[in-house]
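Read through the structure below, which is laid out as C-alpha cells, and then see the notes.
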Amino acid sequence: MTALVIAVDGPAAAGKGTLARRLAAALGLAYLDTGLLYRATGRRVLDAAADPRDAAAAEAAARGLTPADLARGDLRGPEADLAASATAAIPAVRAALLDWQRDFGRRHGAVLDGRDIGTVVFPEAPVKLFVTASPEERARRRFLELQARGAAADLAQVAAELRARDEQDSRRAVAPLVPAADAVVLDTTHLDAEAAFAAAMAVIRQRLGEVAPPA
C-alpha cells in the first residue's frame, strides 16, 4: 500500500469522528466517515418503505448510492442509527461498499473512520486506532449532541439505543465491531478532544516515525 491510510474504528459516540477529521487535517489527508455509507444506504431503504434488514432491498440501495445521498441532512439520529446497523450486518451490502472505501483510501491516502476499517477494509494499514469510551460517557455525549441539534432526547433512551447498537454491531457474523489485533486502543472516557488528538498523534509518530508532522 503506497498511500498512507490510517484506520480509526470504534463504537458510536466514542469520539472517533471528531478525532479522525482532525487527524486528516493535521496530516494533509482526505477524510471519510464510512458510517455515512451505511447510514445513507439505510435511509434509501427507508425511503422505499422497505425493511433495512431486507438483504435485497439493502443491497440495491447500497449499489445505487450517489454523492448526494451522503450529503443528506437526515443521516443522524436513532432511526438512522438502527437502519445503518441493520444494513451493515448484510454481507451483500458490505461487499457493495468495500471497493468504494478501498478506492477512496488508495487514491491519495486518507483517514477513514468506521467499525471494520482496520480489520476488513484496510487490514494492511500501518496505523490502526480503536477509539472507545465508557457506555455512560458515550450516552452523555450523544445526549448532548442531540440536544445541541435541537432534537428531543432522553438520556436513558439514548443509553438503551447505544447498547442495542453495540450488541448488534459486535455480534453480527460479518465484520463485527472488534479491535484489530495490532490496533492501539484509545479510551477517551476522561479525555477531551485536544487530549485525544495528542494521544493519537503520539501513536502515529511511534508507528510512522518522522512521517507524521508535529501537532
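Which residues, taken from the stretch 145-154, are of a type in the set (A, V, I, L, M), open to solvent by 80 Å² or more (accessible area, probe 1.4 Å) and part of a helix (DSSP H, G or I)? Listed by number, the list holds a single entry, ALA148.
Of all residue pairs spaced 6 or more apart or on separate chains, those with beta-carbon atoms under 9 Å, a first member in the stretch 13-31 that is basic (Lys, Arg) and a second member that is assigned to a helix (DSSP H, G or I) are ARG22/ALA193; ARG22/ALA196; ARG22/PHE197; ARG22/ALA200. Scanning the stretch 81-104 for residues being touching a Pro at 6+ places or on another chain (Cβ under 9 Å), of a type in the set (Val, Ile, Thr) and not in a loop (DSSP other than H, G, I, E, B) gives a total of 1. I need the full set of residues from the stretch 67-80 which are part of a loop (DSSP other than H, G, I, E, B), open to solvent by less than 70 Å² (accessible area, probe 1.4 Å) and closer than 16 Å to ARG165 by Cα, in order please. Residues satisfying the conditions are LEU75, GLY77. Of all residues in the stretch 188-205, those satisfying the criterion of being surrounded by fewer than 17 Cβ atoms within 10 Å (Cβ to Cβ) and out of contact with any strand residue (DSSP E or B) (no Cβ under 9 Å at 6 or more places or on another chain) are HIS190, ASP192, ALA193, GLU194, ALA195, ALA198, ALA202, ARG205.
Every condition in (1) surrounded by fewer than 21 Cβ atoms within 10 Å (Cβ to Cβ); (2) in contact with a helix residue (DSSP H, G or I) (Cβ under 6 Å, 6 or more places away or on another chain) is met by GLY64 except one, and the failing one is (2). Any idea which residue in the stretch 1-43 is most open to solvent (accessible area, probe 1.4 Å), counting only those that are in contact with a Lys or Arg (Cβ under 7 Å, 6 or more places away or on another chain) and assigned to a helix (DSSP H, G or I)? Among those that are in contact with a Lys or Arg (Cβ under 7 Å, 6 or more places away or on another chain) and assigned to a helix (DSSP H, G or I), it is ARG43.
The values are calculated or read from the model by the stated rules, or taken from the named source; none is laboratory data. Predicted model only: the values in this text are computed from it and were never measured. FYI the Cβ positions are ideal-geometry reconstructions off the backbone, even for glycines, and counts take in every protein chain you see. Only protein heavy atoms, including side chains, enter the accessible area calculation; ligands, DNA and RNA are left aside. Shrake-Rupley method; radii C 1.70, N 1.55, O 1.52, S 1.80 Å.
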